[in-house]
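Throughout, read-outs are computed from the coordinates displayed, never taken from laboratory work. Every value quoted in this text rests on a predicted model; they were computed, and no experiment measured them. Positions of Cβ are generated from backbone atoms using ideal geometry, with glycine treated the same way; all protein chains shown enter the neighbour counts.
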Amino acid sequence: MLTKNYDEVQSRITAACEAVGRDRSEATLIAVSKTKPVPMLQEIYDHGCRDFGENKVQELVEKYELLPKDIRWHMIGHLQRNKVKYIVDKVYLIHSVDSVRLAEEISKEAVKKGVTVRILVEVNVAQEASKFGVTIQDTLSLVEEIAVLPNIEIHGLMTIAPYVENPEENRPYFQKLKELSVDIMQKNIDNVYMDTLSMGMTGDFEVAAQEGATYLRVGTGIFGERDYSIHS
């Protein structure tokens, strides 16, 4: 069942890319595996998935220890500064950097462990009060402040769009994030690459793929509804 779901999401991404003439290889599916048990992850790993997304540090660390080491782990949830030290040498990409203080902590721990950490800046494009992320207006100044920190590379931007019934409603938010990344890229800031756009989830990933997403974060579409009783 999981592999069937996974293949279906992949084929929908392919169709979305083809509809706008995008190269399918530019869009990577992240299986958002938060609250899901290791055997479920192993099943789609065996089917070819290598990108997994987690929301909680403890869960990411536990699964990191139990699963194959060629998995690219994506920290997509809000990251507390006191938890940074546990994951800097385990994650492929941190999607949710939204403050200088968090970036400074990541930099400090990365220096300590002798690693370079790839990060995305989280932008609250829709300006929802319930969401983390910087405003569009503050993104450039945050990028400029973070870019000078050692052992960090800024690879792009991430957003969590509103939950909507009609995915077309989120198209403007994805377009804005893409425009913002192009604007920042044109500044030619050292240590800033803007090659990554993390946007689109189960309800709207096809629209996000059409608007330039390089990472699509799909959980429910692959694993089914989440069971929140496992982890508080």
| query | Does VAL121 fit the bill of being free of Cβ contacts under 8 Å to residues at least 40 places away in the same chain and either basic (Lys, Arg) or in contact with a strand residue (DSSP E or B) (Cβ under 6 Å, 6 or more places away or on another chain) (or both)? | reply | yes
| said: Based on this model, can you work out whether THR35 counts as among the hydroxyl-bearing types (Ser, Thr, Tyr) and touching a residue at least 40 places away in the same chain (Cβ under 8 Å)? | reply: yes
| query | So, in region 45-70, of the ones that are outside any helix (DSSP H, G or I) and of a type in the set (Asp, Glu), which residue ends up farthest from the chain's Cα centre (by Cα)? | reply | ASP70
| field | Filter result for GLN137 (in a helix (DSSP H, G or I) and under 18 Å from the mean Cα position of the chain (by Cα)) | value | no
| Within region 18-44, tally of residues that are surrounded by 17 or more Cβ atoms within 10 Å (Cβ to Cβ), assigned to a helix (DSSP H, G or I) and under 18 Å from the mean Cα position of the chain (by Cα) | 1
| request: Tell me which residues, restricted to region 108-134, are assigned to a helix (DSSP H, G or I) and in contact with a Phe, Trp or Tyr (Cβ under 6 Å, 6 or more places away or on another chain). | output: none
| Pair list, Cβ under 9 Å, 6 or more apart: region 83-103 residue on the phi < 0 side of the Ramachandran plot, other residue surrounded by fewer than 16 Cβ atoms within 10 Å (Cβ to Cβ) and of a type in the set (S, T, N, Q) | LYS83/GLN58; TYR86/GLN58; LEU102/GLN80
